[in-house]
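Since the structure comes first, as C-alpha coordinates, the remarks are kept for the end.
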Amino acid sequence: MDKVLVNYYSSNVWICGETYESLIWKDTTTEKPSEEELNIKLLELKKQEMREIRNELLKECDYKFVSDYIHSSDKKKEEWLLYRKLLRDLPSIWVEGETEYPTKPE
(Lines give C-alpha, C1' and ligand atoms only; values in the text may rest on other atoms or scores of the structure.)
Protein backbone atom coordinates (compact mmCIF):
# COMPACT_ATOMS: atom_id res chain seq x y z
CA MET A 1 0.00 0.00 0.00
CA ASP A 2 2.85 2.39 0.74
CA LYS A 3 3.98 2.18 -2.90
CA VAL A 4 0.56 3.44 -4.02
CA LEU A 5 0.55 6.21 -1.44
CA VAL A 6 4.03 7.39 -2.40
CA ASN A 7 3.24 7.32 -6.13
CA TYR A 8 -0.25 8.83 -6.06
CA TYR A 9 -0.59 10.68 -2.76
CA SER A 10 2.89 11.98 -1.97
CA SER A 11 1.61 15.54 -1.59
CA ASN A 12 -0.93 14.46 1.04
CA VAL A 13 -0.32 13.87 4.74
CA TRP A 14 -0.70 10.27 5.89
CA ILE A 15 0.89 7.59 8.04
CA CYS A 16 1.02 4.16 6.48
CA GLY A 17 0.44 0.98 8.39
CA GLU A 18 0.39 -2.64 7.28
CA THR A 19 -3.30 -2.63 6.32
CA TYR A 20 -5.90 -0.22 5.01
CA GLU A 21 -7.44 -0.01 8.47
CA SER A 22 -4.13 1.10 9.93
CA LEU A 23 -3.70 3.88 7.33
CA ILE A 24 -4.00 7.19 9.17
CA TRP A 25 -5.10 9.98 6.83
CA LYS A 26 -4.02 13.31 8.28
CA ASP A 27 -4.61 15.40 5.19
CA THR A 28 -7.35 17.98 5.63
CA THR A 29 -7.58 18.96 1.95
CA THR A 30 -8.75 15.58 0.63
CA GLU A 31 -10.62 12.58 1.93
CA LYS A 32 -8.93 9.29 2.62
CA PRO A 33 -9.13 7.20 -0.56
CA SER A 34 -11.20 4.06 -0.28
CA GLU A 35 -9.56 0.67 -0.08
CA GLU A 36 -10.98 -0.08 -3.54
CA GLU A 37 -9.40 3.08 -4.98
CA LEU A 38 -6.03 2.10 -3.53
CA ASN A 39 -6.34 -1.43 -4.91
CA ILE A 40 -7.15 -0.07 -8.38
CA LYS A 41 -4.10 2.19 -8.23
CA LEU A 42 -1.94 -0.72 -7.02
CA LEU A 43 -3.06 -2.78 -10.01
CA GLU A 44 -2.22 0.18 -12.30
CA LEU A 45 1.29 0.32 -10.79
CA LYS A 46 1.80 -3.42 -11.23
CA LYS A 47 0.64 -3.22 -14.84
CA GLN A 48 3.03 -0.33 -15.45
CA GLU A 49 5.88 -2.35 -13.93
CA MET A 50 4.98 -5.27 -16.20
CA ARG A 51 5.09 -2.96 -19.23
CA GLU A 52 8.50 -1.60 -18.20
CA ILE A 53 9.93 -5.11 -17.87
CA ARG A 54 8.30 -6.12 -21.15
CA ASN A 55 9.78 -3.08 -22.90
CA GLU A 56 13.25 -3.95 -21.60
CA LEU A 57 12.88 -7.53 -22.84
CA LEU A 58 11.88 -6.21 -26.26
CA LYS A 59 14.88 -3.85 -26.33
CA GLU A 60 17.22 -6.71 -25.44
CA CYS A 61 16.33 -8.54 -28.65
CA ASP A 62 15.86 -5.60 -31.04
CA TYR A 63 19.22 -6.31 -32.65
CA LYS A 64 17.90 -9.65 -33.91
CA PHE A 65 15.53 -7.80 -36.22
CA VAL A 66 17.78 -5.37 -37.98
CA SER A 67 17.93 -6.11 -41.68
CA ASP A 68 21.50 -7.44 -41.67
CA TYR A 69 21.18 -9.82 -38.69
CA ILE A 70 21.59 -13.44 -39.73
CA HIS A 71 19.70 -16.04 -37.71
CA SER A 72 21.19 -19.50 -37.40
CA SER A 73 18.08 -20.98 -39.04
CA ASP A 74 14.60 -20.06 -40.22
CA LYS A 75 13.25 -21.96 -37.23
CA LYS A 76 15.26 -19.73 -34.84
CA LYS A 77 14.01 -16.63 -36.59
CA GLU A 78 10.42 -17.85 -36.19
CA GLU A 79 11.03 -18.57 -32.49
CA TRP A 80 12.26 -15.00 -32.00
CA LEU A 81 9.33 -13.59 -33.96
CA LEU A 82 6.92 -15.53 -31.77
CA TYR A 83 8.71 -14.41 -28.61
CA ARG A 84 8.43 -10.76 -29.63
CA LYS A 85 4.77 -11.19 -30.56
CA LEU A 86 4.05 -12.73 -27.15
CA LEU A 87 5.84 -9.84 -25.45
CA ARG A 88 3.91 -7.26 -27.49
CA ASP A 89 0.61 -9.01 -26.69
CA LEU A 90 1.38 -9.34 -22.99
CA PRO A 91 -0.46 -6.19 -21.80
CA SER A 92 -3.71 -7.35 -23.39
CA ILE A 93 -3.67 -10.76 -21.67
CA TRP A 94 -1.91 -9.83 -18.43
CA VAL A 95 -3.59 -10.86 -15.19
CA GLU A 96 -1.73 -9.85 -12.03
CA GLY A 97 -0.21 -12.87 -10.30
CA GLU A 98 -1.16 -15.28 -13.09
CA THR A 99 0.55 -14.24 -16.31
CA GLU A 100 4.20 -15.17 -16.84
CA TYR A 101 6.63 -13.62 -19.27
CA PRO A 102 7.32 -15.72 -22.36
CA THR A 103 10.52 -17.74 -22.39
CA LYS A 104 13.34 -16.25 -24.44
CA PRO A 105 14.55 -18.56 -27.23
CA GLU A 106 17.95 -20.16 -26.72
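Filter the stretch 19-30 down to the residues that are exposed (fewer than 10 other Cβ atoms within 10 Å of the Cβ) and either without any contact (Cβ under 8 Å) to a residue 12 or more places away in the chain or of a type in the set (Val, Ile, Thr) (or both) and list them by number.
Selection gives Thr19, Glu21, Thr28, Thr29.
Being assigned to a helix (DSSP H, G or I), under 28 Å from Val95 (Cβ atoms) and at pLDDT 90 or above, is that true of even one residue in the stretch 21-33?
For the stretch 21-33, residues assigned to a helix (DSSP H, G or I), under 28 Å from Val95 (Cβ atoms) and at pLDDT 90 or above: absent.
Exactly one of (1) without any contact (Cβ under 8 Å) to a residue 40 or more places away in the chain; (2) under 21 Å from Trp94 (Cα atoms); (3) exposed (fewer than 15 other Cβ atoms within 10 Å of the Cβ) is unmet by Asn7. Its number?
Among (1) without any contact (Cβ under 8 Å) to a residue 40 or more places away in the chain; (2) under 21 Å from Trp94 (Cα atoms); (3) exposed (fewer than 15 other Cβ atoms within 10 Å of the Cβ), the lone unmet condition for Asn7 is (2).
Within the stretch 46-78, restricting attention to residues that are assigned to a loop (DSSP other than H, G, I, E, B) and either exposed (fewer than 11 other Cβ atoms within 10 Å of the Cβ) or in contact with a strand residue (DSSP E or B) (Cβ under 8 Å, 6 or more places away or on another chain) (or both), which residue is modelled with the lowest pLDDT?
Ser67
Among (1) in a loop (DSSP other than H, G, I, E, B); (2) surrounded by 10 or more Cβ atoms within 10 Å (Cβ to Cβ); (3) modelled with pLDDT under 95, where does Val95 come up short?
Result: Val95 passes all but (2).
The values are calculated or read from the model by the stated rules, or taken from the named source; none is laboratory data. Worth saying up front: this structure is predicted, and the values here are computed from it rather than measured. Here the Cβ is made from the backbone with ideal geometry for all residues, glycine too, and neighbour counts use every protein chain on show.
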